[in-house]
Amino acid sequence: MPAILFDPDEERSKIEFAFLVITKYLEISEAALKKGEEDFAADLQQPKLDIDGIDLKEDDIKSSTAMSMLGKMVFHRHNLVGRMRYGFVIQLYGAFEAQSVALIREIKKRHPEQAVALGKEPDFPEIKEALSALGAAPSILDDIDQLRHLRNCLTHRNGAFDHAKDIQKSVIVALNTADAGIRVDDDGFVEIERRFCEKALSTVTSLFNEMFPKFKFGQTFYSSKPQGYGIRSYPSESGIKYEFMDRGEVAEIQATPEFQEMLKGGIAEPDPNLETDPSPPDIP
């Protein structure tokens, strides 16, 4: 059995894990929204609608009043869904900013010849300038700048379009015109569709996925795995031993002490009696 030392790139692992958390945040919140929509739709199918004890089907209230009330309920439920995605946008931009700073500083540490530098608490223009100097695609940086202005509207104006700054309004209008999954509802609040969240996540992670190989960052469980992959683990004299199944061949991997420390963060150990276990999650 060939012995292979798997020494994961700790800094890349930290960055990718941050976006793995954001990805799971989106998946879980969207599942909850879908369940809420299904429950609400089922409620509307009930044969009667009672408001304060008055049965609208049996009362002499005009049908137009009942329909207006139903329409308003649907209207507010629809808006609630769009506004619940504010949290994702805020979390995503926060992760971008924090992990960009970590990435830039790590690149400078590994490649001192790179003419980039960041202050103690860099803002977006400084981060953008550094990423641009490192070769980040201008189109990606422009899209993230739009995400920043949208996030600022959500954070500082609670998504109220009329109270947003002019630059925020222009970005929201541009995203709406481009049919990007952003609109302003009839109450004047920004409404966000799922497809915008998914596209924004893909844009942000693509920047990091471009930088990692360019500056020769190592591999992680989140970023790569061999074809025909399976994993099992069991104790060994020096810690935990891992076997990776690759196209029927078994490669023994002895994790480094640093990697075992990372595992203590909550990754459950696979059952040693299983031939293969589910593969680790991929970053988008």
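Past 28 Å, Cα to Cα: identify those pairs from K169/K199; K24/K120; K109/K169, in the order given.
Among K169/K199; K24/K120; K109/K169, the Cα-Cα distance tops 28 Å for K24/K120; K109/K169.
Tell me, C197, C153 in order of fewest to most beta-carbon neighbours within 10 Å?
Working: C197 20, C153 25.
If I rank by nearby Cβ atoms, fewest first, I get C197, C153.
Would you mind checking which residues have amide H under 5 Å from G159's amide H? H placed 1.01 Å from N; only 5 or more apart, or other chain.
Amide H neighbours of G159, under 5 Å, 5+ apart: L154.
Counting other C-beta atoms within 10 Å, which of K35, K108 has the fewest, and how do the rest follow?
On the way: K35 10, K108 18.
By the 10 Å Cβ count, ascending: K35, K108.
I'd like the Karplus ³J(HN,Hα) series for region 202-210: coefficients 6.51, -1.76, 1.60, θ = phi - 60°, whole numbers in Hz, and an x wherever there's a Gly or Pro.
In residue order, the calculated couplings are 5, 5, 5, 5, 5, 4, 5, 5, 6 Hz.
Readers should treat all values here as calculations from the given coordinates under stated rules, not as data from a laboratory. Everything quoted here is computed from the prediction, not taken from an experiment. Because the Cβ atoms are built from the backbone with ideal geometry, glycine has one as well, and the counts that use them run over all protein chains shown.
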